[in-house]
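Some notes on the structure that comes next.
The values are calculated or read from the model by the stated rules, or taken from the named source; none is laboratory data. None of the values given here were measured: they were computed from a predicted structure. All Cβ positions, even for glycine, are placed from backbone atoms using ideal geometry, and neighbour counts span all protein chains on display. In case anyone asks, the SASA skips ligands and DNA or RNA and just uses the protein heavy atoms, side chains included. Shrake-Rupley method; radii C 1.70, N 1.55, O 1.52, S 1.80 Å.
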Amino acid sequence: MEEPIQTAVFGGGCFWCTEAVFLRLKGVITVTSGYAGGSSEHPTYESVSMGNTGHAEAIQIEFDPAQISYQDLLDVFFHTHDPTTLNRQGNDSGTQYRSVILYQNEDQKQAAENSIARLTAEHAFDQPIVTEVKALDKFYSAEAYHQQYYDNNQYQPYCQIVISPKLQKFEEKFKHLLKTQE
């Protein structure tokens, strides 16, 4: 029996960066940039950027578990941002850029907690992991111009300076998980 499509929601700093990474993984069907983990309804980029809504910039990933596991997604998540900096990724600072895993069921919660425990025991990072693990209440899609931002704006300075080098390192480390070029 075929497993149904599943979703994962992660916040790892700027959603333009995380979306670009996860779109390149085999088994990933869609990646939607948006907002999650806050208290206000119908957040906008402007309201989230002000840091008043409690939302993090996040991505919602639809994936085929027959091709890529939730654990693989967690491994990519932890190794493509800094899970040891509180409310900051690079020059982006504020709670909207926090490291957060928004689980949708107990299996995802347990997998996230086990990953953090394993990475901590392995001393994978120089500092303690501060990634928040919390239940997903609601995911709000970001405005249309944020979707597939890197792929549509590769020559913008932010994309060239921040996202392109991140993608290069990601593609070297996770070759075995990349979609094949058609």
Residue span Asn152 to Thr84: 0.36 nm per residue of separation minus Cα-Cα distance leaves a gain in nm of 21.5 nm
Sorting Ile5, Ile61 on solvent-accessible surface, 1.4 Å probe, most exposed first, gives Ile5, Ile61
For the chain, the dipole about the Cα centre with charges only on Cβ (Lys and Arg +1, Asp and Glu -1), to the nearest 20 debye, works out at 380 debye
In the range 109-182, the chymotrypsin sites (Phe, Trp or Tyr not before Pro) that sit in a DSSP loop and have at most 10 other Cβ atoms within 10 Å of their own Cβ are Tyr155
Note to self: C-alpha centroids of the range 110-149 and the range 47-66 sit apart, in Å, by 10 Å
Quick calc: nm separation of the 7 Å Cα→Cβ label points for Glu3 and Tyr145 -> 3.8 nm
Any GluC sites (Glu not before Pro) in the range 1-91 that lie in a DSSP loop and have at most 16 other Cβ atoms within 10 Å would be Glu2, Glu41
In whole percent, the fraction of accessible protein surface over the range 1-102 that belongs to carbon or sulfur atoms, probe radius 1.4 Å, stands at 49 percent
Here the gain from full extension of Thr44 to Gln127, 0.36 nm per residue of separation minus their alpha-carbon distance, amounts to 26.6 nm
Beyond 29 Å, the calculated P(r) of the range 1-156 holds a percent of Cα-Cα pairs equal to 12 percent
Once the in-chain neighbours fewer than 8 apart are removed, the lysines whose Cα is under 30 Å from Lys138 read Lys26, Lys109, Lys166, Lys179
